[in-house]
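Here is the structure we will look at.
The values are calculated or read from the model by the stated rules, or taken from the named source; none is laboratory data. Just so it is clear, the model here is predicted, and its values are computed rather than measured. Cβ coordinates were reconstructed from backbone atoms using ideal geometry, including for glycine residues, and neighbour counts include every protein chain displayed. Please note that ligands, DNA and RNA were not included when accessible areas were found on the heavy atoms of the full protein model with its side chains. Shrake-Rupley method; radii C 1.70, N 1.55, O 1.52, S 1.80 Å.
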Amino acid sequence: MAGETIKINIPFEALLDSISELSIEEKTQLRDSLDNQIDALEEERPGIEAEVRDARKAYELGDYMTIDEYISRRQ
């Protein structure tokens, strides 16, 4: 039975409640695991890193439009 995976559906709120009961060490381990999974997914989509980098740079330079500004220009 070792190495087998069981997939179950857990409501998101129940998952959050369960995580809140973890120790700091377990939460850190979970965070590291999630970071690794996110990094792997982003590597599968090489353009996403460039898009995020460009968006952050534009934000830092003040070169962006708020949603309210965007909506007012469309009217």
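The table below lists the values:
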| item | result |
| --- | --- |
| Matching option when the condition is touching an Asp or Glu at 6+ places or on another chain (Cβ under 7 Å), in a helix (DSSP H, G or I) and without any contact (Cβ under 8 Å) to a residue 24 or more places away in the chain, among Glu49, Glu43 | Glu49 |
| Close pairs from region 64-75: first within 25 Å of Arg53 (Cα to Cα), partner not basic (Lys, Arg), Cβ under 7 Å, at least 6 apart | Tyr64/Ala58 |
| Flag for Asn36 being part of a loop (DSSP other than H, G, I, E, B) and either open to solvent by less than 70 Å² (accessible area, probe 1.4 Å) or modelled with pLDDT of 90 or more (or both) | no |
| Every residue from region 39-58 that is open to solvent by less than 80 Å² (accessible area, probe 1.4 Å) and under 15 Å from the mean Cα position of the chain (by Cα) | Asp39, Ala40, Glu42, Ile48, Val52 |
| Output for region 1-33, where each listed residue is among the basic types (Lys, Arg) and surrounded by 10 or more Cβ atoms within 10 Å (Cβ to Cβ) | Lys27, Arg31 |
